[in-house]
Structures are given as C-alpha cells and as structure tokens.
Amino acid sequence: MSDKPDLEGVSTYQGPAGGWGALRAVAKALSGQMAIGRETVALTRMNQPHGFDCPGCAWPDPKHTSSFEFCENGAKAVSWEATAKRVRPEFFAANPVSSLWHMSDYALESLGRLTHPMAYDAATDTYVAIEWDEAMRRIGAALNALPTPEAAEFYTSGRASNEAAFLYQIFAREFGSNNFPDCSNMCHEATSVGLPQSIGVGKGTVTLEDFDHCDALFCIGHNPGTNHPRMLGTLREVAKRGVPIVAINPLPERGLERFTSPQDPLEMVAGRETELASTYYKIKCGGDDAMLKGMMKWLLELDASDLSHGGKGLLDRAFIAEHTVGIDDLVADIQATSWDAITAKSGLSREEIMHIAEIYAKAERVIVCYGMGITQHAHGTQNVWQIANLLMLRGNIGREGAGICPLRGHSNVQGNRTVGITEKPDDNLVKGVEKAFGFTFPKKHGNDAVAAVRAIRDGQSKALICLGGNLAVAMSDPDATFAAMRKLDLAVHVATKLNRSHLILAKQSFIFPCLGRTELDVQAGGPQSVTVEDSMSMVHASEGTLEPASEHLRSEPWIVAQMAKATLPDTRVDWEGLVGNYDRIRDKIEVVYPIFANYNQRIREPGGFRLFVGASERKWLTPDGKAHFLVGRGIDEDPLLDIDHLTLTTIRSHDQYNTTIYSLNDRYRGISGRRDVVFINAADLDANGLRHGDRIDIEVVGPTSLGSDGQVRAVRGFTAVAYPIAQGTVAMYYPEGNRLVSLDSHDEQSGTPSYKSIPVSLKAATAAA
Ligand SMILES: Nc1nc2c(c(=O)[nH]1)N[C@H]1C(S)=C(S)[C@@H](COP(=O)(O)OP(=O)(O)OC[C@H]3O[C@@H](n4cnc5c(=O)[nH]c(N)nc54)[C@H](O)[C@@H]3O)O[C@H]1N2
Ligand SMILES: Nc1nc2c(c(=O)[nH]1)N[C@H]1C(S)=C(S)[C@@H](COP(=O)(O)OP(=O)(O)OC[C@H]3O[C@@H](n4cnc5c(=O)[nH]c(N)nc54)[C@H](O)[C@@H]3O)O[C@H]1N2
Ligand SMILES: [Mo]
C-alpha cells in the first residue's frame, strides 16, 4: 500500500495487547474522571471477597483471588462510575432538552453522575428535580391509567443485580405484564434460545479451571483484548502450555494475537510478549456457519478413513449413542453441503478449514469460546447449534477441559435471566411465584426488545420503564426507534448517567439516579450487598464501598420497590421488608428458583458458588433428556447473506462500553480521536473505485434497504480506511452503524438483531463535508 496517504488519527498499532499501553491508558482514565482518593479505594476493592464485582464484563474471577487482578477496561468502567463530575438540577435548568439533544452521546455521558430524581417539565422544556414520593405517585397513576397492563414494557440492562432484577420481574408480573425486553435480546439471545434446544441449558458449560485442562481452544467472533480483557491472562496461560489457540475473526484483533501481561513485572520490563493465537483465520463476516460445517465435513471424512484403516474412528460413538439424538440428520446435512458453498460463504480455503478441523480432531479436550460475531446474525441461533454440534461429535461437552463458552456481555446479564427476566415465563416460574408470594399471573408470552419497540411504534405499548441501559441508541434503526418512543405516555429511566434515551420524551418522563456497583448501599437493615452471576455460572456477592455520588441516590431494588408500592394498591408482596434487608429478597429467589438453595449462606463463602448447569454434568434438561444434534437451513439460505455484496459488521472500539464512549480512541486498531471510519480491505476499495482516505457513503442493499421514510438506509461521509480485514467484509463502530439495521433484520428464532451482517454497497460521498 505504497500509495496509502497519511490520515489524521489513523496509524498502525505495533505493540502487544496489554503492556505499557494499557497502564498508560488506565492512568489517563483515572486522572480524567475521578476524585483523588476515590480511585484507590475503588480499584483495590474490585473483584475482592469483600469488594464489588467489576461492572466491566462477565468474565469470572480466579478462585480465592488475593491479588488485585489488573484490567484496563475494568479500570475505565470503574472510573467512569466513580467520577467526581456531577449533573445537578441547575445544569438541567440551564439546558433545555432541545439543546441537550444536540450534544453528542459521548458529551452527554461525560457530564458525570446524575444527582437527583428528575421529571420533565414541558412548559420550560427542562428536567426539574422532583421528590421521590411525588414521582412514584405519578408513575403509579400513569401505569394504572393504561388500557391494559400489557401496554407497559419493562426493559432491563444486564448490570442490574440479581436482587434488583428479581424484584423488577415480580413487580411487572404482579402488575400483569410479561413484557421484558432486555439487553440480552440484542446480545446472547441466540445462545439463550439455541443452547437449550441442543444441550438443555442456555448457558456455557465450562468453568475457569477447565481452561487449565483443555488441549485446544477456539475463539470465534469475540474480541477479548477489549471486551473481556481479564480473559487475556487465561489465554496467556493456555498458550504458555503450548495448547493451540485458533482465532476466527474477520479482523486481526491484537488481543487475540499477542499480549504482555501488566501483572507480570518481568514481562513488562523485558518487553516480552506471549503469542496467543497459533492459528488466525480471517473469516468472511457471517461465514461461521459454513466454516463449522466444513470442519465437521472434514472430521467425518477423517473418521471414515480412520475406520476403513481399522482405527476406532474420530467420533465419540459411545457419547453419541448414550447421550444424543439427531446424528443421522446432521451427517446427511453436512454431506449435502458442498465444499464450494462452504469456501464461498466462509471466505476460507478448503485447506484452511481442514487444518483447523485437524487441530480439533487431534485434541482430546476442546473448548470453544464465542461472542457477538456468532450471535448477531440472521442465522445466530443456527451458528450456536453448529458449535454445539461440532463439540458433541467428539464428546467435548460435560467433561473436564472441554465445553462451550459463550462470553456474556454485561457483568450480570446471565444472572438477570436466571432470576426471571424473560418474556417467556414457564410453568415453573408461575408456580414458583405463587409459592413465594401467593399471586399468580398468566403464562402468555410478552415482548422481547425488538417486539417491544414495534409495539411502541404501533401504539400498542404506551409505557416504558428502563432499569438501566440506553435502549433507543443500542437498538436497531434509531430513526424508527426514536420516533416510536416519542409516542409514549410514560418513560422512566433508572440510570447513573445521562444518555440520549432520556431525552426522547414521553407525555411524562422521569430520570431516576441510582447507586452504582462501587457505592455503599445502606437500607433499614444496614449495609447491603447484592449478587451477580458471571459467564461461568459463578454467583457471588458484590459490596460497594464508596460514598454515594449524591445523598439523593437510591438503590435499584429500592426504586423498583417504591414503583411497585405506588402502582399496586393490593400487592401481596412485602416490598419494604424485602428492601430493608436483601437477604430476604434472596430467600424469595430461592423459593422461586430451587437451584439457589442456601443462597444467603453460600454467597458468604469467599468466591461464592456455582449454579447447577445440567450439561456440565451430562444431564440434558431437554424434553426427551437427550442432547440434540440440530440441523438448520442450508448455508445458502440466509436472507441477508444471499446477495452478491459487501457485508458490514458493527463492532466495539477499545474505549467504549456499549453506547458509553470513554474516548474517541481505538488503540489496538490504530485509530485515535475519531470514530467516523469504515475498515475496508484494500482489494475491496480497489474493486469499488475507492481509495484509502476517501469520504464515502455506506448504503444498505437487499430486502431491508429502505428505511421507514422510504429512503435508502445510509451512513454518509465516513472515511474509508484500508485495513487487513477479510475480503468482502467491512466494519464500522456500534452505535454509529445502527441506522443501517432494520428492525426487521434479526435472527428468526431468537430475535437477536443482525448487527453483524448488514448487506451494503460503498460509494464516494455525495455531500460535502
Ligand atoms: N470494554 C468493553 N467491554 C465490554 C463491552 C464493551 O462495549 N466494552 N460490551 C459488553 C457486552 S454487552 C458484550 S455483548 C460483550 C461483547 O464482546 P464481543 O463479542 O467481543 O463484541 P464485539 O466487539 O461486538 O465483536 C466481537 C468480535 O466479532 C468479530 N466479528 C464481527 N463479525 C463477525 C463474524 O461474522 N464472524 C466472526 N467469527 N467474527 C465476527 C469482530 O471483528 C469482533 O472482534 O462485551 C462486554 N464487555
Ligand atoms: N450495532 C450494534 N448494536 C448493538 C450491539 C452491537 O454489537 N452492534 N450490541 C448489542 C448488545 S450486545 C447490547 S448488550 C446492547 C446494550 O444495550 P444497553 O444495555 O441498553 O446499553 P448500555 O449502553 O450498556 O447502557 C448504558 C447506560 O446504562 C446506564 N448505567 C450504567 N451503569 C448503570 C447502573 O449501575 N445502573 C443503572 N440503572 N444504569 C446504569 C448509564 O446511564 C448508561 O448511559 O446493545 C446492543 N446494540
Ligand atoms: Mo451484550
């Protein structure tokens, strides 16, 4: 690329993941946000037996952790919450909502922590402080004025503790709504739907110890250097044991390539790095299903050849016979899939796929980790099935050193689901709630995230309560979503920081400032701790220590309880009693969900406890008690990937937490001070008559190309960056790319939006800068 002109804010990052770059970034994050003193206390209490759980991600903590586990992005998350900056009522008085609207999302959150409960006042177009009681009274009245309880939507973002999430679902169920849109619907819903069908549980089967015993590790469609940085320590241990690590990703992510552990003084001083992935294949976006089928195809051929040479074959026939059904259909489907289709869809050569299939076949114990690169596709659930299929062929589920490992997003998103944040209540939940609280509710399915936005758009739902999150910005098609949310009668946002969703006004809008994880939570019964569940089903306590950002903050469980009391005059639930001592909430959780037996006792043990995951013990909680090989539609039948076009994927930068942007830098990808870039392979630039540095328009093609306004969905005036990304794939940041995703583009089975397979065309920008 000799003709590659220099571009402002675009370079190539040469260093490893972690290392001094990470230390410098932490120092910067801390100096920018926190009050002197708060940071030391906060960081030393993170992920400690009597500290708080890092709000950054859901990667587990090593057992009996004694030393502070360093993580750059955890430090950013903590400093963002523990900031000394405040958004007080005077700020709102001086800044009408119509002017706040023109601030960037980055600037809005940078204002700092919310300090008072606020209600929107239309006469002055400002948010004004309101007493908690008065706000609750108005919310109760508005909810009771709805034509039906089903016109209310209860959104949850995955940071809420088990205690807050559980109370929230009890409130909504008793009120009469099963509408639980939640962030998981945009995230690992393909896992929550696909894995129960296949192995009887919608969770990963491995524990952190399994990584000490695996002899091959696959990392498919996730970026741990940014999104699960504490995982790099685990990858480093695995690599140091000489275990092959196979990375499958359209982008060359530094956090999968090499790492210098800031925890290791020798490595730091000597500038040594650990190579992580031993094999790195840049797959075409959306091609994982094809690649997985290709791996299985070669495995079946190797197996047949071994058998014909008198071997015992490469499949675990005893496991398959005893534990599974559906193998014949799977084999037939794989045999019917041609290598041509597999290589065309995946963008990988037959030899490359054979190579990784052989790594898989040689290993006795294999773990497959995966993230959003697998789930956020029109065939997300099917991708998850294929990973389970591949693992089951060699009995790689339910034994030491082997298993499936979906990397969850928000720090407690898995726990939220475990304690009942679901729009599809089952018999057990209905019976459990009746046993615990003495009321019953209909089993009818409610709305997930996409369905909720559609119901709001279509005027069926009129109230939206958000326990955290920034739904309007995180969701697909912001234009349609924003317009929909302006039609609401009631919007309530429980939040720590101001964001755009709060500025989309309903007839009545409220912002409730809540305590964050780092802060001390004192109730009638004294200081409280909450509990969270990580990606590996470990449940443990989290106890905040910092002085709250304002005396007006309340805990999420308290806020939920007050809304419930104000809304439900004949409630059967002792809300005050529960909130006074969270042990009582946990006692109720245990009644509804017996897997939490001895909950209060077990969370008092250092490190907490692991919830029962049937598949980890080869107990398959499917209707017939077997694990299922599952066959999806053909790899040529994806409505979004079927046309001849480039495919856009939307990704997180290193300095963001979902819609929260910490800075405009993305260090490992060499981007600084900007986010208006599109990563494109040089050959694709050439083929489209474009050059590195051109300002371009990205337009959606195919069945979802037109927006609700009849115009082509487009993002205009972004800068093309020549990048070593897989050919046929282009990438831009989330949420900038969300307007390219139609509300109708989602996985058919799980509803997960197809944020990572958007058919697009590129052209020189039409408008001047
Ligand atoms: N610091 C930080 N930590 C976070 C978050 C954050 O925003 N910031 N978000 C949290 C949340 S909610 C979540 S869900 C997780 C998300 O964690 P990840 O799953 O790592 O999230 P993404 O950045 O969306 O993308 C994952 C990777 O998938 C690759 N990819 C894109 N399309 C494809 C594809 O078609 N196939 C394959 N094989 N790969 C593909 C991208 O190149 C990228 O490397 O992280 C959690 N942790
Ligand atoms: N294009 C595209 N879109 C995506 C994705 C993608 O990869 N591509 N990823 C999707 C995924 S995986 C997810 S999980 C969603 C995320 O969607 P959400 O969970 O809705 O979004 P967040 O941006 O994490 O929410 C940030 C807000 O949460 C509030 N907050 C922070 N801490 C707390 C707290 O302790 N309590 C409360 N009550 N509020 C708090 C703050 O006010 C902050 O503004 O986005 C999805 N959208
Ligand atoms: Mo997520």
Of the conditions (1) more than 16 Å from ligand 3 (Cβ to nearest atom); (2) outside the structural domain of Met485 (by TED's automatic domain parsing); (3) buried (at least 21 other Cβ atoms within 10 Å of the Cβ); (4) closer than 28 Å to Tyr582 by Cα, Gly202 fails just one. Which one is it? (1)
Go through region 85-129 and give me each residue that's under 26 Å from Arg674 (Cβ atoms) and among the charged types (D, E, K, R). Lys85, Asp105, Glu109
Does region 496-513 contain at least one residue that is of a type in the set (D, E, K, R), buried (at least 24 other Cβ atoms within 10 Å of the Cβ), in contact (Cβ under 8 Å) with a residue 12 or more places away in the chain and within 11 Å of ligand 2 (Cβ to nearest atom)? no
Within region 485-521, restricting to residues that are under 24 Å from the mean Cα position of the chain (by Cα) and of a type in the set (Gly, Ala, Ser), the one that is nearest to Ala714 (Cα to Cα) is Ser501
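Okay, residues lined up against (1) of a type outside the set (Val, Ile, Thr); (2) surrounded by 20 or more Cβ atoms within 10 Å (Cβ to Cβ):
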position: Val712; (1), (2): no, no
position: Val715; (1), (2): no, yes
position: Ala731; (1), (2): yes, yes
position: Asn738; (1), (2): yes, yes
position: His746; (1), (2): yes, yes
position: Ser750; (1), (2): yes, yes
position: Thr766; (1), (2): no, no
(1) in contact with a strand residue (DSSP E or B) (Cβ under 8 Å, 6 or more places away or on another chain); (2) crowded, with 19+ Cβ neighbours inside 10 Å; (3) farther than 29 Å from Asp583 by Cα: which one isn't true of Ala82, the others all being true? (3)
Identify all residues within region 650-666 that are within 12 Å of ligand 1 (Cβ to nearest atom) and not polar (S, T, N, Q); write none if there are none. Ile651, Arg652, His654, Asp655, Tyr657, Ile661, Tyr662, Asp666
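Matching residues to (1) part of a helix (DSSP H, G or I); (2) not assigned by TED's automatic domain parsing to the domain that holds Ala129:
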residue: Glu551; (1), (2): no, no
residue: Gln562; (1), (2): yes, no
residue: Arg572; (1), (2): no, no
residue: Ile585; (1), (2): yes, no
residue: Gly607; (1), (2): no, yes
residue: Ser616; (1), (2): yes, yes
residue: Thr622; (1), (2): no, yes
List the number of the failed condition for Gly56; all other conditions in (1) modelled with pLDDT under 80; (2) under 30 Å from Pro117 (Cα atoms); (3) away from ligand 2 (no atom under 16 Å from the Cβ) hold. (3)
Check Glu267, Glu253, Glu273 and return the single one that is within 16 Å of ligand 2 (Cβ to nearest atom), acidic (Asp, Glu), out of contact with any Leu (no Cβ under 6 Å at 6 or more places or on another chain) and outside the structural domain of Ile758 (by TED's automatic domain parsing). Glu253
Grab the helices (runs of 4 or more DSSP H) fully contained in region 353-434, keeping just those with 1 or more residues being under 23 Å from Val238 (Cα atoms). 372-375, 380-393
Wholly inside region 221-331, helices (runs of 4 or more DSSP H) that include 3 or more residues that are out of contact with any helix residue (DSSP H, G or I) (no Cβ under 8 Å at 6 or more places or on another chain) and either more than 16 Å from ligand 3 (Cβ to nearest atom) or closer than 25 Å to Tyr723 by Cβ (or both) are 231-240, 265-270, 288-308, 317-323
Hey, does region 416-439 have a residue that's modelled with pLDDT of 95 or more, hydroxyl-bearing (Ser, Thr, Tyr) and not assigned by TED's automatic domain parsing to the domain that holds Glu174? no
Matching entry among Glu131, Glu150, Glu174, Glu163 (being surrounded by 24 or more Cβ atoms within 10 Å (Cβ to Cβ), of a type in the set (Asp, Glu) and either modelled with pLDDT of 95 or more or closer than 24 Å to Ala455 by Cβ (or both)): Glu163
Being buried (at least 20 other Cβ atoms within 10 Å of the Cβ), within 16 Å of ligand 1 (Cβ to nearest atom) and not charged (D, E, K, R) is the filter here, so list the residues in region 267-325 that pass it. Leu276, Ala277, Tyr281, Ile283, Cys285, Gly286, Gly287, Ala290, Met291, Leu292, Gly294, Met295
Report, by residue number, each residue of region 677-690 that is surrounded by fewer than 16 Cβ atoms within 10 Å (Cβ to Cβ) and either within 23 Å of the chain's Cα centre (by Cα) or more than 18 Å from Pro250 (Cα to Cα) (or both). Asp686, Ala687, Gly689
Residues of region 733-752 being within 15 Å of ligand 3 (Cβ to nearest atom) and part of a helix (DSSP H, G or I), in sequence order, are Asn738
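The values are calculated or read from the model by the stated rules, or taken from the named source; none is laboratory data. No experiment lies behind these values; they were computed from the predicted model shown. Here Cβ is always computed from backbone atoms with ideal geometry, including for glycine, and neighbour counts include all displayed protein chains.
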